[in-house]
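The values are calculated or read from the model by the stated rules, or taken from the named source; none is laboratory data. Keep in mind that what you see is a predicted model, and the values were worked out from it rather than measured. Virtual Cβ from ideal backbone geometry, glycine too; neighbours counted across all protein chains shown.
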Amino acid sequence: MLKRSLLLLASCGLIAACGGGNGGSTAIAPVAIPTSTATTPGGSAAALQQDAAARAAARTTLTALETCYVDAQTYAGCDLTNALGSGAPPLGSGPGKVQLKLAAQSYTITAHSRSGEAFMLSGGSNGALQRTCAGSDPASDCHGGSW
């Protein structure tokens, strides 16, 4: 949105400066247009997007686990591919993947961001949900161990 606004402002300035009129000269003022998006100090837009993708994968996985629980009254043995089809996040412990620890009445979902952060959802059949995270980037969305 910021880029569009600045581009529009720059375009208006150039169009107005090109007016001319009664043989007079027209000066065109230089306009600076930033090429990157704003980020938090020390953070990068790419890392924040990667963290957002990891959190979304964790929430998607949570929805599938809750669906499995409704059907089977257990989290153990939930088949994410069956529950989500092609929308299932890749499983594993590497960057961009989701790791699961399932028991009959509880679960822990760990979504590994490509930025190096890890976002966890832990809960169970009692309905309590804990959102925790770990990582070393102070500009990430992990604040004080929670998200």
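For the reader, a short list of remarks on this structure follows.
- So Leu84, is it in contact (Cβ under 8 Å) with a residue 12 or more places away in the chain and out of contact with any Pro (no Cβ under 9 Å at 6 or more places or on another chain): yes
- Tally, over the stretch 49-93, of residues that are in a helix (DSSP H, G or I) and within 14 Å of Ala118 (Cα to Cα): 11
- Selection from the stretch 75-98 of residues that are modelled with pLDDT of 95 or more and out of contact with any strand residue (DSSP E or B) (no Cβ under 8 Å at 6 or more places or on another chain): none
- Scanning the stretch 87-95 finds no residues that are touching a residue at least 60 places away in the same chain (Cβ under 8 Å), surrounded by 15 or more Cβ atoms within 10 Å (Cβ to Cβ) and not aliphatic (A, V, I, L, M).
- Of residues in the stretch 42-83 being closer than 14 Å to Leu102 by Cβ and among the charged types (D, E, K, R), the one surrounded by the fewest Cβ atoms within 10 Å (Cβ to Cβ): Asp79
- Any hit, the stretch 10-33, residues being within 24 Å of the chain's Cα centre (by Cα), of a type in the set (S, T, N, Q) and modelled with pLDDT under 50: no
- Residues of the stretch 94-111 satisfying the condition of being closer than 13 Å to Thr61 by Cα and not in a strand (DSSP E or B): Lys97
- Residues of the stretch 112-147 satisfying the condition of being crowded, with 16+ Cβ neighbours inside 10 Å, among the hydrophobic types (A, V, I, L, M, F, W, C) and assigned to a loop (DSSP other than H, G, I, E, B): Cys142, Trp147
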